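Data block below; observations after.
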Amino acid sequence: MSFGENLKRARTSIGMTQAELARRTVIKERSIYNYEKNILATKIDLVLRFAQALGVQPESLMDVMG
């Protein structure tokens, strides 16, 4: 799965909205949308911020090549 798919899956599995994730990470809501759609490439510091906000391990958000 791609980073965006993993991010969305982790977010929705705990019932968090894009708006709430944006507030917790201090990232614009539109950017959250773009990350989930794989329009924006992410950097490791953002992966860490997302993982912390979602309560998951950073590795669970990383792109898994199939």
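A compact table of results
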| read-out | value |
| --- | --- |
| Helices (runs of 4 or more DSSP H) within the chain that include 2 or more residues at positive phi and surrounded by 15 or more Cβ atoms within 10 Å (Cβ to Cβ) | none |
| Residue match in the stretch 30-46 (condition: at pLDDT 95 or above, farther than 14 Å from residue 2 by Cα and more than 12 Å from the chain's Cα centre (by Cα)) | yes |
| Number of positions in the stretch 7-49 that are within 15 Å of residue 62 (Cα to Cα) and either among the β-branched types (Val, Ile, Thr) or touching a residue at least 60 places away in the same chain (Cβ under 8 Å) (or both) | 3 |
| Odd one out for residue 3 among (1) over 11 Å from the mean Cα position of the chain (by Cα); (2) in contact (Cβ under 8 Å) with a residue 60 or more places away in the chain | (1) |
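The values are calculated or read from the model by the stated rules, or taken from the named source; none is laboratory data. Values in this document were obtained by computation on a predicted structure and should not be read as measured data. Ideal geometry is used to build each Cβ from the backbone, glycine not excepted, and the neighbour counts take in all protein chains shown.
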